[in-house]
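The next block holds one structure in the form of structure tokens; read it before the comments.
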Amino acid sequence: MTIPAGTYAIDASHSEVGFTIRHAGIAKVRGVFNEFDGRIVVNDDLATSSATATIKAASVDTGNEQRDGHLQSSDFFSIDVNPEWTFTSTGVSFSGEEGTLTGDLTINGVTKPVTLEVEYNGAAKDAYGNDRIGFSAETELTRSDFGITWNAPLEAGGLLLSDKVKIAIEISAVKES
């Protein structure tokens, strides 16, 4: 497996940053962020490659306007104080088409190390002659680690929201000239 070296810009219109959280202990609620960008630098020595990304917290979209407004509030994302979340890689390790990307994730002004399990999906030239690469990545976060602690007790016991949040990312990136 060889990932073509170069600097790539994340194509947000062909990518997705999504999350899943357990709600009321019985269901999963999913959402996405509609505004994000980033860069992937692939070096010949893959271990020296890097990635950065920025997510606009206000672009959260769960398919429910009222819930999205609550997520944007100080109970969760505090978008007026912390409008952007950032990721900066600190390490890359691949074996075949699978690997890990470690880095520093900042949400609500709190920075924590995270590890993403990554799958390289391949490279292609698109219909417009652009060189593209694709990746899938997943991780699980503990939201309270980032100061997101709002919750509500359930009548039968337990809490409305789990502390664990699954993150799933699909990336298509275009090589810069």
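In sequence order, what are the phi-derived ³J(HN,Hα) couplings for the range 158-164 according to the Karplus relation 6.51 cos²θ - 1.76 cosθ + 1.60 with θ = phi - 60°, rounded to whole Hz, with x for glycine and proline?
Once θ is set to phi - 60°, the couplings for the range 158-164 become x, 10, 4, 10, 6, 7, 8 Hz.
Please compare each pair in Lys112/Lys166; Lys56/Lys175; Lys56/Lys125; Lys28/Lys112 to a cut-off of 18 Å on the Cα-Cα distance and tell me which ones are over it. Kindly include the intermediate steps, with their values, before the conclusion.
Details: Lys112/Lys166 16 Å; Lys56/Lys175 23 Å; Lys56/Lys125 29 Å; Lys28/Lys112 25 Å.
The pairs that break the limit, which is 18 Å between Cα atoms, are Lys56/Lys175; Lys56/Lys125; Lys28/Lys112.
To the nearest 10 square angstrom, how much accessible area does Val81 have with a 1.4 angstrom probe?
We get 100 Å² for Val81.
Check Leu160: other-chain or 5+ apart residues with amide H under 5 Å from its amide H, H built from backbone geometry?
Amide H to amide H, under 5 Å and 5 or more residues apart or across chains, Leu160 pairs with Ala152, Leu154.
Cα gyration tensor of the range 9-72, axes a ≥ b ≥ c as square roots of the eigenvalues: rounded (a/c below 1.5), prolate (a/b > b/c) or oblate? Intermediate values should be presented prior to the final figure.
Numbers: a/c = 3.41, a/b = 2.11, b/c = 1.62.
Prolate shape, in that a/c is at least 1.5 and a/b is the bigger ratio.
Would you grab the residues whose amide H sits under 5 Å from the one on Glu35? Only those 5+ places off in sequence or on another chain, please, with H modelled 1.01 Å from N.
The answer is Lys56, Ser59.
Alpha carbons only, please: Rg and Dmax for the range 1-160, in angstrom.
When restricted to Cα atoms, the range 1-160 yields Rg and Dmax of 17.5, 58 Å.
What does a probe at Asp126 reach in the range 1-26, counting residues whose amide N is under 16 Å from the point 7 Å along Cα→Cβ?
Inside the label zone: 7-17.
Could you work out how far apart the two model spin labels at Thr52 and Asp145 are, taking each label as a point 7 Å from the Cα in the direction of the beta carbon, and quote it in nm?
Result for the modelled spin labels: 2.3 nm.
Compute the longest continuous run of the chain that contains no exposed GluC sites (Glu not before Pro); treat a site as exposed when its DSSP state is not H, G, I, E or B and it has at most 15 other Cβ atoms within 10 Å.
Details: sites that count: Glu35, Glu97, Glu155, Glu176.
The segment 36-96 is the longest one with no such site.
For every other residue with a beta carbon closer than 12 angstrom to the beta carbon of Val114, add +1 if it is Lys or Arg and -1 if Asp or Glu, then tell me the sum. Show your work: numbers first, answer last.
Working: positive: Lys112; negative: Asp104, Glu117, Glu138, Glu140, Asp145.
Here the count lands on -4.
Tabulate in residue order the Karplus-calculated ³J(HN,Hα) for the range 32-44, using 6.51 cos²θ - 1.76 cosθ + 1.60 with θ = phi - 60°, rounded to whole Hz; enter x for Gly and Pro.
Calculated HN-Hα couplings, in order: 9, 10, 8, 10, 7, 8, x, 9, 10, 10, 9, 9, 4 Hz.
The values are calculated or read from the model by the stated rules, or taken from the named source; none is laboratory data. Keep in mind that what you see is a predicted model, and the values were worked out from it rather than measured. Please note: Cβ atoms are built from the backbone with ideal geometry, for glycine as well, and neighbour counts cover all protein chains shown. What goes into the accessible areas is simple: the full protein's heavy atoms, side chains included, and nothing from ligands, DNA or RNA. Shrake-Rupley method; radii C 1.70, N 1.55, O 1.52, S 1.80 Å.
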